[in-house]
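Down below is the structure, laid out as structure tokens.
The values are calculated or read from the model by the stated rules, or taken from the named source; none is laboratory data. Since this is a predicted model, take the numbers as computed values, not measurements. Cβ placement follows ideal geometry from the backbone for every residue including glycine, while neighbour counts extend to all protein chains displayed.
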Amino acid sequence: MKISIITVVYNNHKTIETAIQSVLGQRYPNVEYIIIDGKSTDGTIDLIHRYGRSISKVISEPDQGIYDAMNKGIQQCTGEVIGILNSDDVYADENVLSAVMNAFAEDQHLDLLYGDLVYVKNNDLNHVVRKWTSKSFYPKFFEDGHVPPHPSLFIKRAVYDQVGLFNLEMRLAADYEFMLRLFKLHAYKSKYLNRLFVKMRLGGATNASIKNIINGNLEILRAWKINHLKAPFLLMPRRIAKRLIQFAK
């Protein structure tokens, strides 16, 4: 069974190589690796091309942002399972994709799989700052402030065919809205593996400024509304509490 991994990037020559090496260093034998570049001008695309045929497909053209690039990547995938690894991130070890695909092989009815994530220092992948430990999905999962770490989420291609792609009207929380669709609106079978999947460097567009944090939270509330779901009154306090606990760990 083939797995497709997508990395989207724009002007990030500083860390894209560690992401590439992380994917190419996986022991699972059947990996399709697709990179979507937003027409970088800082040498990123030259660095990508150094890896030649080891990368299955490279597209470099202007886009409408990270979620538009992710949608392009998903449309290019031919694997039965799809994962997305950001250009700042790396897989925790060389057996991550093997663990993922073993779980899908053991349960043919499994649609979604996710694990854990840690935030690390930009210049030290072994310096953990925050631990995002998830748990198995249950009916009030999102209401209680939980959300699967999106970079640790692996989804069967058939699921995308059924529920669609990321909503480009959302600039900061399209991944949250997409997962809300997956888990709340559809009865897809999911599994949580209590295993570290991804190391994520500190940063990201949502946390880049106070303004983005506020706008991201407003988009999260809108995600509930556009999916005809009622957001619980204490959703935001619960989300903040979960984040503080992650730092405490």
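None of ASN122, ASN126 is more than 21 Å from GLU32 (Cβ to Cβ), of a type in the set (S, T, N, Q) and touching a Lys or Arg at 6+ places or on another chain (Cβ under 6 Å) except ASN122. The residue that is modelled with the highest pLDDT, among those in the stretch 123-161 that are of a type in the set (S, T, N, Q) and surrounded by 13 or more Cβ atoms within 10 Å (Cβ to Cβ), is SER152.
You will find that of LEU168, LEU110, the residue that is in contact with a Lys or Arg (Cβ under 6 Å, 6 or more places away or on another chain), touching a residue at least 24 places away in the same chain (Cβ under 8 Å) and assigned to a loop (DSSP other than H, G, I, E, B) is LEU110 and no other.
Residues that are more than 24 Å from SER152 (Cβ to Cβ), touching a residue at least 12 places away in the same chain (Cβ under 8 Å) and either within 17 Å of the chain's Cα centre (by Cα) or in a helix (DSSP H, G or I) (or both) do occur in the stretch 47-57, at least one of them.
Taking the listed residues GLY216, GLY203, the one that is crowded, with 16+ Cβ neighbours inside 10 Å and modelled with pLDDT under 90 is GLY216, with no other qualifying.
Only one of these is of a type in the set (S, T, N, Q), under 28 Å from LEU172 (Cα atoms), modelled with pLDDT of 95 or more and assigned to a strand (DSSP E or B): SER4, SER87. Name it.
Step by step, each of SER4, SER87 is checked, and only SER4 is of a type in the set (S, T, N, Q), under 28 Å from LEU172 (Cα atoms), modelled with pLDDT of 95 or more and assigned to a strand (DSSP E or B).
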